[in-house]
Amino acid sequence: MKTLLKANIIILFVICQLSIVNSSAQTPYKPYNENQDIRGDLKKSTELAKKENKHVLIQFGGNWCPWCIRFHKMANGAKPIDSLIRADYVYLLLNVSQDKKKRDYNLFREFGYPNRFGYPVFVILNGDGKVLHIQDSGFLEHCTEKGYDTAKVVTFLKMWNVRAIDPATYKQM
């Protein structure tokens, strides 16, 4: 009887340990700061972009949005995209609360209502905070696979960097 009791206790202990390990291994990926000072982060990002002669690439979305998570993982995991973002942009994730009552609709208004496209949606600002472009993420998706098309994302990033919209770039053409 004692042997059976000891065996059951050991099995229970092992099961508890494995469940702790599995639960920590399955911690959800949450790149968005849900307690973010959106206006403060936006100000810092535009100031940095101006100082470094870059644009701000805003990704509106949230941890509740699987397509937002997919894009962020790809942006940090695909070398050509990560390199372009680092070279040409200040990349800013702006959290959109899943609770529609907690969303900053004034910010959406100021940026031309990018939320009309769903999430994620991308807004490109210059260093003065002026909206240069709003990009519906649906156009960046694969036609046949679930996810984003690296070539489309690279093209998007190249078309909206500082050099691409600088008239001096085209004087020699």
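Quick rundown of the values:
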{"item": "Lone qualifier among 137, 97 - being surrounded by 13 or more Cβ atoms within 10 Å (Cβ to Cβ), more than 20 Å from residue 155 (Cα to Cα) and in contact (Cβ under 8 Å) with a residue 40 or more places away in the chain", "result": "97"}
{"item": "Odd one out for residue 65, checked against (1) over 28 Å from residue 29 (Cα atoms); (2) within 13 Å of the chain's Cα centre (by Cα)", "result": "(1)"}
{"item": "Tally, over region 43-71, of residues that are part of a helix (DSSP H, G or I) and buried (at least 20 other Cβ atoms within 10 Å of the Cβ)", "result": "5"}
{"item": "Sole exception among (1) part of a loop (DSSP other than H, G, I, E, B); (2) surrounded by 14 or more Cβ atoms within 10 Å (Cβ to Cβ); (3) free of Cβ contacts under 8 Å to residues at least 40 places away in the same chain for residue 172, by number", "result": "(2)"}
{"item": "Tabulated pairs, region 55-78, first closer than 17 Å to residue 97 by Cβ and without any contact (Cβ under 8 Å) to a residue 40 or more places away in the chain, second among the acidic types (Asp, Glu) and outside any strand (DSSP E or B), C-beta under 9 angstrom, 6+ apart or interchain", "result": "63/34"}
{"item": "Condition check for residue 106: free of Cβ contacts under 8 Å to residues at least 60 places away in the same chain and assigned to a loop (DSSP other than H, G, I, E, B)", "result": "no"}
{"item": "Flag if residue 122 is part of a helix (DSSP H, G or I), in contact (Cβ under 8 Å) with a residue 12 or more places away in the chain and surrounded by 18 or more Cβ atoms within 10 Å (Cβ to Cβ)", "result": "no"}
{"item": "Residues satisfying the stated conditions in region 22-42, i.e. among the polar types (S, T, N, Q), out of contact with any strand residue (DSSP E or B) (no Cβ under 9 Å at 6 or more places or on another chain) and either in contact (Cβ under 8 Å) with a residue 60 or more places away in the chain or not in a helix (DSSP H, G or I) (or both)", "result": "26, 27"}
{"item": "Enumeration of residues in region 105-164 that are among the charged types (D, E, K, R) and over 17 Å from residue 57 (Cα atoms)", "result": "109, 116, 141, 145, 146, 149"}
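Okay, residues lined up against (1) part of a helix (DSSP H, G or I); (2) over 16 Å from the mean Cα position of the chain (by Cα); (3) among the charged types (D, E, K, R); (4) surrounded by fewer than 18 Cβ atoms within 10 Å (Cβ to Cβ):
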| residue | (1), (2), (3), (4) |
| --- | --- |
| 74 | yes, no, no, yes |
| 86 | yes, no, yes, yes |
| 93 | no, no, no, no |
| 116 | yes, yes, yes, yes |
| 129 | no, yes, no, yes |
| 153 | yes, no, no, no |
| 157 | yes, no, no, no |
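Only the coordinates and a few stated rules stand behind these numbers; no lab work does. All of these numbers come straight from a predicted model, not from anything done at the bench. In this analysis, Cβ positions are derived from the backbone assuming ideal geometry, glycine residues included, and neighbour counts consider all displayed protein chains.
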